[in-house]
Amino acid sequence: MATSDSQLNSSSPTNDENDFKINKSVAHFAKELSNASYRSHKSASEVVFRTVASLKDVIMNDQWTTAKELIDLIHMNGDHLMEADPSETCTSNMIKRILHIIREEYIEDLESKTVEKDTSNSLKKTMTSERRTKDIDYSKIVPTLKTSIIDHINEFVTELETCKENIIQQAKQHLHANEIIMTLGYSKLVEDFLKKAAETRTFEVIVAAGVPLLEGHDMASNLSKANIQTTLISDAAIFAMMSRVNKVIIGTNAVMASGGLRAYTGSHTLALAANYYSIPVIVLVPLYKLCPMEKDAFEANNYFHKVMAPTQGIVNPDDASLADRCTIINPVFDYVPPELVTLFISDRGGNAPSYFYRYISELYHPADHNLNL
Amino acid sequence: MKTILETEKELSAGMAAIRVLLKVLEKSNSKTIQELREQLIDAIAILRTCDCPITAINSGSELFLRFITLTALDTQPFEECKKIMLDRGNTFYERLVESRQIIAQKASIYLYGGQTVLTHSRSRVVLAAMKRAAEKKCRFRVYITQSSPDTSGAEMVQNLRDLGIPCTMILDSAMGYIMESVDFVMVGAEGVCQSGGIINKIGTYQMALCAKALNKRFLVLAETFKFTQTFPLNNRDLEPEYKFTHSMLQKDTAEQHPLVDYTPPELINLFITDIGILPPTAVADELLKLYL
C-alpha cells in the first residue's frame, strides 16, 4: 500500500541525486503556497489547476522510465507541495488523482486496453480475480505510457474546467420562486449558483455574516447588486431566523470520505439549527474537493483544524492585551457530520452523503488514500 | 467435519466453514458441477448442525457456493474446472486470512492515541486492530462489557492486558453509565445483513442505542465474507437458527436466552472492512455486485 511506496521512495538504493530532484515548477508553486499572503487570497480552483499543471510538468519534463519511478517521483514532488501547506486538502487530492490516472493508464496500456478500468476493491473481486490490485508490478516499461497519461490528464483538466459550470447549471432544479435561502460567509460558487437561479425566478437570501472574517458582507453586497433581495444577519441570529427559511445552501472547504464537511467555522451551528427545524441543508461541492481520507486521519496529524490570529476578527488590535489574560481560540474550520447534510450538489449531479464512498472508489486508487500512512 | 471445526477454535466460524468446504471440494469424487454442488450443500447442512454461532457459517458457505458458481461459469471441462476452483479457492482463503490485518490497518486512523473506546464481547478483528495500534505505540483506553451469558468479555480483557493496553471490564448493565465517558464504540460483527445492519453478540443492539442516544460514533469492524443476503427488519424477524445453537433449538426456545441480536443500519456510523471504509448503504451495493 502507500506505506511500501513511500518507504521505497526514501530508502531505494538506486536513489540517484538527479533522479530525485524537485521539479522547478513544483518548487516554484510550493514556495508560493507557503507564503501566507498568497494563502489567504488563493481560491481552491486556482490551487487545483496549478497543482495539476506542475505535476504535469513533472511527467513531461522529468526523467523516468517506468510507472514505478514516475509514481515515486510524483510522491516526492507531492510531499514537497503538501509540506508547503499541509492544511490544504486540494493539493493532496490532486496528487492522488494524478497517481490514480498513472496507475489506470499503466494497466490499460500494459494489457492493451482489454481489462476493466475499475481499480477499486470489491467483495466480488476478492473472490474472482487472481490478480490483486495492490500487488501489480509497476516496473515494466511501457513505451506509450507517457502520451496516454498526458492525454488523460488533459481530459481531466477539461473536466475540472467545466465542473463549476456544471454545478451552477443545476441551480434552477433546486431553487424555486419565493423561497427563502440561508447561507453563511462567502463562497464564489454559492454566489454564482444563486445568481444563476435569479435569472429566472425571484427569491430571498439571508446571509449570515460569518465571523471572524465577516465575508458574508461581500456576499450580501454582491447578491444585492444582482437584484436579489438580501438580508444580512449576524451569526448569533442564525437560529432565530431559521424558522422562516426554506433551504440552507453553503459551500465547503473539503468533503471527507464519509460525507462529513470541513467547512467554514459556524457551518456546524448553521447545520444544527437547520436540522432542528428540519430544513434541508444543501452543500455545493466540486468533486476536486472530495478527500479520500477520514477526519480522524487528519486529526492524528493535527491538520484538520487551522487557527487564525486572535486579532483577525475576535479581539480588536487595541485590546490585544486581553490575549495575555485569557486564551483566545480562533478556528477557521468546523467539522459538520454527514447526518446533518441533506444533499450534495457536485458536478455530477445531486447525491446523498452516503453515496460519496462510491466516488472515492471511482476517483482514487486504494493505495493512495492516505499518503502519510 | 465437526472435529476440523473444533480444532480450529481460534479461527472465526465462517473461515472454518470455508476451510471445511475446501476440504470437501478437494476430496470430492463427483463428476459434474451439479453433483459437486449437491455434495457441498449436504456438507453445509451438517455444518449448520454444529453447536456454534451459525451466522458466520451461513455467510461463509453462501459465499463459497457463489464462488463455485462463478468459477463454473468461467470454464467448461469439469476436471479443469475443479483444478481452477481449488486453486482459486486457496487464494480466496488466503485473502480472507489477510483481511483481518487489512482492517486492523484501516482502523488505525481511529486509534491514534488519547481515545477512550467501548467495545462489546470478544471480537478477533477488534482485538487485531487494537493490537496493531498498541504496537504503533498509541495509548488509548478500552472499556469492555463482560458480555453475558458466556462472559466472553473477560477473555477479551485478558487478551488486551497481555498486550499492555489499559482496559476495564464493565457490567453489561453499565453500558449506559459508561457511554458518556467514551469517544466512540468499536465492535465486530458475526454477520452483516444486506440492509447494512449487523448480527452480533447479544447486547450489541442495546449498545448501539445507547451510543445513538449520547451521539457517540458506532463503528463496526467486519470482514467482507461476513456479508450475507438476509434482510431482517427487527429482532423478531431474525431466523431462530441464528439466535440459538442447534442443541438449544431442540428445547423450548421461549425458555432460552438468544445469543445474538440485530442492530439496524440507522444506528451504525461506519463499517471498516477489508475493501475500505464504507457507510451502511454500501453493503447492499457490494452484495448486488456479487450476486447480479
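The values are calculated or read from the model by the stated rules, or taken from the named source; none is laboratory data. Since the model is a prediction, treat every value here as computed from it, not as a measurement. Positions of Cβ are generated from backbone atoms using ideal geometry, with glycine treated the same way; all protein chains shown enter the neighbour counts. These area figures cover heavy atoms from the full protein model, side chains too; ligands, DNA and RNA do not enter into them. Shrake-Rupley method; radii C 1.70, N 1.55, O 1.52, S 1.80 Å.
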- request: Within segment A:219-250, work out how many residues are within 29 Å of the chain's Cα centre (by Cα) and touching a residue at least 40 places away in the same chain (Cβ under 8 Å).
  value: 9
- prompt: Out of the residues in segment B:29-68 that are farther than 23 Å from B:Leu259 by Cα and free of Cβ contacts under 8 Å to residues at least 24 places away in the same chain, which is farthest from the other protein chains (Cβ to nearest Cβ)?
  reply: B:Asn29
- request: Could you list, in sequence order, all residues of segment A:357-373 that are open to solvent by 20 Å² or more (accessible area, probe 1.4 Å) and either hydroxyl-bearing (Ser, Thr, Tyr) or within 11 Å of chain B (Cβ to nearest Cβ) (or both)?
  value: A:Tyr357, A:Arg358, A:Ser361, A:Pro366, A:His369, A:Asn370, A:Asn372, A:Leu373
- prompt: Of the conditions (1) touching an Asp or Glu at 6+ places or on another chain (Cβ under 8 Å); (2) more than 14 Å from chain A (Cβ to nearest Cβ); (3) acidic (Asp, Glu), B:Glu223 fails just one. Which one is it?
  reply: (2)
- request: Please work out if A:Ser354 is within 9 Å of chain B (Cβ to nearest Cβ) and under 14 Å from A:Gly260 (Cβ atoms).
  value: yes
query: Looking only at segment A:251-281, which residues are surrounded by fewer than 22 Cβ atoms within 10 Å (Cβ to Cβ), β-branched (Val, Ile, Thr) and touching a Lys or Arg at 6+ places or on another chain (Cβ under 8 Å)?
result: A:Ile279
field: Members of segment A:315-351 found to be open to solvent by 40 Å² or more (accessible area, probe 1.4 Å) and within 13 Å of another protein chain (Cβ to nearest Cβ), listed by number
entry: A:Tyr335, A:Glu339
message: Going through B:Phe231, B:Phe225 one at a time, which residue ends up being at pLDDT below 95, under 23 Å from B:Ile46 (Cα atoms) and aromatic (Phe, Trp, Tyr)?
response: B:Phe225
message: Going through B:Ser195, B:Ser148 one at a time, which residue ends up being in a loop (DSSP other than H, G, I, E, B) and within 26 Å of B:Leu278 (Cβ to Cβ)?
response: B:Ser195
query: Is it the case that A:Ile136 is modelled with pLDDT under 80, under 30 Å from the mean Cα position of the chain (by Cα), under 20 Å from A:Ala367 (Cβ atoms) and more than 14 Å from chain B (Cβ to nearest Cβ)?
result: yes
message: Against the definition (part of a helix (DSSP H, G or I) and either touching a Phe, Trp or Tyr at 6+ places or on another chain (Cβ under 8 Å) or of a type in the set (D, E, K, R) (or both)), how does A:Asp318 come out, yes or no?
response: yes
task: With the condition kept exactly as written, say whether any residue in segment B:260-283 is assigned to a loop (DSSP other than H, G, I, E, B) and more than 14 Å from chain A (Cβ to nearest Cβ).
output: yes
- prompt: Scanning for something out of contact with any strand residue (DSSP E or B) (no Cβ under 6 Å at 6 or more places or on another chain), of a type in the set (A, V, I, L, M), within 14 Å of chain B (Cβ to nearest Cβ) and closer than 27 Å to B:Gly114 by Cα, does segment A:247-255 turn up at least one residue?
  reply: no
- prompt: So B:Pro258 fits all but one of (1) loosely packed, with under 14 Cβ neighbours inside 10 Å; (2) of a type outside the set (A, V, I, L, M, F, W, C); (3) at pLDDT below 95; what number is the exception?
  reply: (1)
task: Go through (1) more than 9 Å from chain B (Cβ to nearest Cβ); (2) assigned to a helix (DSSP H, G or I); (3) surrounded by 20 or more Cβ atoms within 10 Å (Cβ to Cβ) and name the single condition A:Ala297 misses.
output: (1)
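A quick yes/no check of all residues on (1) in contact (Cβ under 8 Å) with a residue 60 or more places away in the chain; (2) more than 25 Å from A:Val255 (Cα to Cα); (3) surrounded by fewer than 22 Cβ atoms within 10 Å (Cβ to Cβ):
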site: A:Ile59; (1), (2), (3): yes, yes, yes
site: A:Thr65; (1), (2), (3): yes, yes, yes
site: A:Pro86; (1), (2), (3): yes, no, yes
site: A:Met94; (1), (2), (3): yes, no, no
